[in-house]
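Structure, as structure tokens:
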Amino acid sequence: MIDGIFVGLSTIDVVYRVTEFPAANAKVAAKSQDIFVGGPATNAAIAFSRLGGKAALVTAVGLHPVSAIVRDECRKFAVDCIDLNPEFVDAPPISSVVVDESGRRNVVSANALRIQIPPAVVDQRICEEAKFVLVDGHAMQACRAWASAAKAAGKPVVMDGGSWKDGTDELLKSVHTVICSADFAAPGCTSESALVKYFLSRGVTNVAITQGAQPLRFFAGGKAGEIPVHKVVAVDTMGAGDIFHGAFCYFFSIGKSFEEALQLAAEIASESCRYQGTREWMEHLHADPAGPLR
């Protein structure tokens, strides 16, 4: 049984840790190098699985030898992988991530636009059994197809609003909950209130706007409020937003209210910043007495 379906981008992230970011035309020696499988939908699906949900990831993987890393990661974390283009032979999107000693990061990434993806076919069986669908807006046709099918099946659709993309306006017609950062910019919206009104006008029920280490704001059922973010000494902020989305989906799917799910997800995401990369936090999830779910 599938609890949650995550539709969107998977990448290969090559992460370098440095003392400080290099200046233009300069070279620095990395203190360490790691390779992770990343992408908003992928990181969210893996976080969801680690917390106890059964996830399916709908993404483009293909046949390139490097793409095997994506499949291996999905198997490792018990995430079912549905390949949007199993015949794709070129390299998957690869991101170069540089993290300094303060946990800040610079990212250069190739997104899903370089991958040829045929029209997506929705697996109606798992769509019927899942509790929700999350879409990240990458592979937009697939996101729209799965979101539309989920709405028709009466399942809530969560949108990870990383950035505005062609097709977002149409996608929102199927979306129940939007979680975006304060940097999200919709056409014609020059303020937070205008953005919230825009989402609500498209039929969205719940809206949450994250602000990094600052309190996140939420709007639901005519109620607006703030949720404080637990302060930690950040070692690495990479993927914290994706982890937040996966954690939110987990808590929301087990019956927590919108506000409760946001609060618990914020705890998980904050704690993840105490550790390097997008996976190390999982090793401390229950072992660390200062961590979440204690």
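Check whether at least one residue in the stretch 256-268 is over 20 Å from the mean Cα position of the chain (by Cα) and not polar (S, T, N, Q), and report yes or no. No.
Looking at ARG104, ARG75, just one residue is out of contact with any helix residue (DSSP H, G or I) (no Cβ under 9 Å at 6 or more places or on another chain), closer than 27 Å to ALA149 by Cα, surrounded by fewer than 18 Cβ atoms within 10 Å (Cβ to Cβ) and among the basic types (Lys, Arg), and that residue is ARG75.
Within the stretch 254-262, identify whether any single residue is more than 19 Å from GLY161 (Cβ to Cβ) and either assigned to a helix (DSSP H, G or I) or among the β-branched types (Val, Ile, Thr) (or both), and answer yes or no. So far as the stretch 254-262 goes, yes, one or more of its residues are more than 19 Å from GLY161 (Cβ to Cβ) and either assigned to a helix (DSSP H, G or I) or among the β-branched types (Val, Ile, Thr) (or both). Taking the stated definitions as given, is THR190 part of a loop (DSSP other than H, G, I, E, B), touching a residue at least 60 places away in the same chain (Cβ under 8 Å), of a type in the set (S, T, N, Q) and surrounded by fewer than 20 Cβ atoms within 10 Å (Cβ to Cβ)? For THR190, the condition - part of a loop (DSSP other than H, G, I, E, B), touching a residue at least 60 places away in the same chain (Cβ under 8 Å), of a type in the set (S, T, N, Q) and surrounded by fewer than 20 Cβ atoms within 10 Å (Cβ to Cβ) - is not met. Taken as a whole, the structure leaves ASP34 outside the set of residues that are under 18 Å from THR237 (Cα atoms), under 16 Å from the mean Cα position of the chain (by Cα) and of a type in the set (D, E, K, R).
In the stretch 214-233, which residue that is assigned to a strand (DSSP E or B) and more than 17 Å from SER257 (Cβ to Cβ) is modelled with the lowest pLDDT? Step by step, filter the stretch 214-233, then rank; the result is GLN214. Among the numbered conditions (1) surrounded by 13 or more Cβ atoms within 10 Å (Cβ to Cβ); (2) over 24 Å from THR42 (Cβ atoms), the only one that PRO228 does not meet is (1). Do the conditions hold for ILE12, that is, is it modelled with pLDDT of 90 or more, buried (at least 16 other Cβ atoms within 10 Å of the Cβ) and touching a Pro at 6+ places or on another chain (Cβ under 7 Å)? Here the answer is yes, as ILE12 does meet what is asked.
Just one of (1) surrounded by fewer than 16 Cβ atoms within 10 Å (Cβ to Cβ); (2) closer than 25 Å to VAL66 by Cα; (3) touching a residue at least 24 places away in the same chain (Cβ under 8 Å) fails for ALA29. It is (3). Which residue is surrounded by the fewest Cβ atoms within 10 Å (Cβ to Cβ), if the candidates are limited to the stretch 155-187 and must be touching a strand residue (DSSP E or B) at 6+ places or on another chain (Cβ under 8 Å) and part of a loop (DSSP other than H, G, I, E, B)? Taking the candidates together, the pick is ALA182. When the stretch 208-219 is filtered for residues that are crowded, with 18+ Cβ neighbours inside 10 Å and aliphatic (A, V, I, L, M), the ones remaining, listed by number, are ALA208, ILE209, LEU216. In summary, ASN43 fulfils each of the numbered conditions (1) surrounded by fewer than 22 Cβ atoms within 10 Å (Cβ to Cβ); (2) within 18 Å of the chain's Cα centre (by Cα); (3) touching a residue at least 40 places away in the same chain (Cβ under 8 Å) with the single exception of condition (1).
Regarding the stretch 253-261, can at least one residue be identified that is in contact with a strand residue (DSSP E or B) (Cβ under 9 Å, 6 or more places away or on another chain), over 20 Å from PHE132 (Cα atoms), acidic (Asp, Glu) and surrounded by fewer than 20 Cβ atoms within 10 Å (Cβ to Cβ)? No: zero hits. Those strands (runs of 3 or more DSSP E) of the stretch 32-137 in which at least 3 residues are of a type outside the set (D, E, K, R) and modelled with pLDDT of 95 or more, considering only elements entirely within it, cover 55-59, 132-135. When the stretch 138-188 is filtered for residues that are more than 15 Å from ILE5 (Cα to Cα) and of a type in the set (Asp, Glu), the ones remaining, listed by number, are ASP166, ASP169, GLU170, ASP183. Within the stretch 151-179, no residue that is under 22 Å from GLN124 (Cβ atoms) and among the aromatic types (Phe, Trp, Tyr) sits with its Cβ atom under 6 Å from a residue that is at pLDDT below 95 and assigned to a helix (DSSP H, G or I) at 6+ positions apart or across chains.
The values are calculated or read from the model by the stated rules, or taken from the named source; none is laboratory data. A quick note: this is a predicted structure, and the numbers were derived from the prediction, not measured. With ideal geometry, Cβ positions are generated from the backbone for all residues, glycine too; neighbour counts draw on all protein chains shown.
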